[in-house]
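Some notes on the structure that comes next.
We did not get these values from a lab; they are worked out from the coordinates using the rules stated. It should be emphasised that the depicted structure is a prediction, and the values quoted were computed from it without experimental measurement. Please note: Cβ atoms are built from the backbone with ideal geometry, for glycine as well, and neighbour counts cover all protein chains shown.
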Amino acid sequence: MRERTPIGSRKWKEITDFDLKVLSTVIIVLSLITISLFLYAFYLKMQKSQVDAVIREVNPNTQPPVETTINTATQTLVIVESATEVATDITEPTTVSTNVSSMTNITGQASTVQLGQPIVVVTEPTEQTGQTTQATQSAQSTQVDENKYLKDLTKFDYDLLVSRMAENLPEGTFYLYTVDGETALKIAKRTQNYVIDRGSGGKYYVVTTKNVMPDLKTSNGFYTIKTNVITDSKETFKSVVNLRTVGISAFSVTTKGGYSICMGIFTSENEARNFYYGQDWTELSKYATIKGAAVSRVGS
C-alpha cells in the first residue's frame, strides 16, 4: 500500500521564499494580461460605435461618386460619397439704391467682397450692356450643364456612356429622347444627370432630368423594371454597379422612402415585358437587391 505523506512532511517544508515569489509573479502577470485584454476589448467596442458611414446622394451639381476605404480597429468600411460640389451662392441685397444720373459714365466696377456678402454690380443701363449680360448668363448656364467627363469624347461609345451615366436620378420630371448614337453623345455632354439604354433599330434611349435639347421631340415618361424601395443608399449603389457589370443599364430613382432600382429604359410596356421575362432573376439576385422587380412606368 502507498504511504500517504503528512502535510507536515519534509516535502512541503522544501517550498522556499523564492518559489513563492515566482508564483506571485506569475499570478500578477496573468492578472495584468487579463486586464489588458479587457481594456482592449472595451477600446474596440468604443471604436466600432464611433464609425459612421455617410453616403450623400448624387445630384446634378456633383461629380461621380468617389469610393473611399477606411480601416478601423474592428472592420474595413468602403464609403461611397459624392465629390466636392461646385456651386456659387449669390445672395440678393435687401435694398439697392442707385442714381442713374450720377453714373452715366460708369460702364463697370470691380471690387473685393467677402464670402457670403451680397454682390452689387453697377453698370450703365444701355442696350449693349444688356446684350452682354444675357450672353454672359447663357455662357454660365452652358458651363454649369456641361458634362466635363465627356467633353473630350468625340466619337459615340455606348459602353463608355453607360459607365459614366448617373447612378441616381432625383424624383421629378424626366425627358426621354429616342435618337441615334451621335445625338445621344451630344445630349450626354450637356448634363451629368443622364441614363442611356439600347433601343430598337439602331436607336438609343436617353433620359435626362432637364430638357437639354429643346429642338428634339421628347416624352416625359418611360417604362422600366422597378424594384421595391431600398432605404440603404450604399446597398442601392452597389446593386446598380453590379447590374451594369452583367450588361444591364441600371440606375436608381429617389423616392420618398428611399431608392428604387430601375433596370433598362423602354418606350412601350411590351418592350419592358420582353426584357423582364428574358432575365434569370435567381441569378441576378446573387449580384443585386431586386426584390419586387416588376414592369413599371416612371414619369408622366
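Quick notes
- Scanning segment 234-256 for residues being among the aliphatic types (A, V, I, L, M), outside any helix (DSSP H, G or I) and in contact (Cβ under 8 Å) with a residue 40 or more places away in the chain gives a total of 2.
- All conditions but one from (1) buried (at least 19 other Cβ atoms within 10 Å of the Cβ); (2) touching a Gly at 6+ places or on another chain (Cβ under 6 Å); (3) free of Cβ contacts under 8 Å to residues at least 60 places away in the same chain apply to Ala184; the one that does not is (2).
- Among all positions in segment 286-294, there is no residue which is closer than 23 Å to Asp180 by Cα and of a type in the set (Val, Ile, Thr).
- The conditions of being within 22 Å of Gln279 (Cα to Cα), under 23 Å from the mean Cα position of the chain (by Cα) and among the aliphatic types (A, V, I, L, M) are met by Val253.
- Matching residues, segment 257-300, being among the polar types (S, T, N, Q), exposed (fewer than 12 other Cβ atoms within 10 Å of the Cβ) and not in a helix (DSSP H, G or I): Ser268, Ser300
- Considering residues of segment 230-250 that are of a type outside the set (S, T, N, Q) and within 15 Å of Leu161 (Cβ to Cβ) only, the residue surrounded by the fewest Cβ atoms within 10 Å (Cβ to Cβ): Gly247
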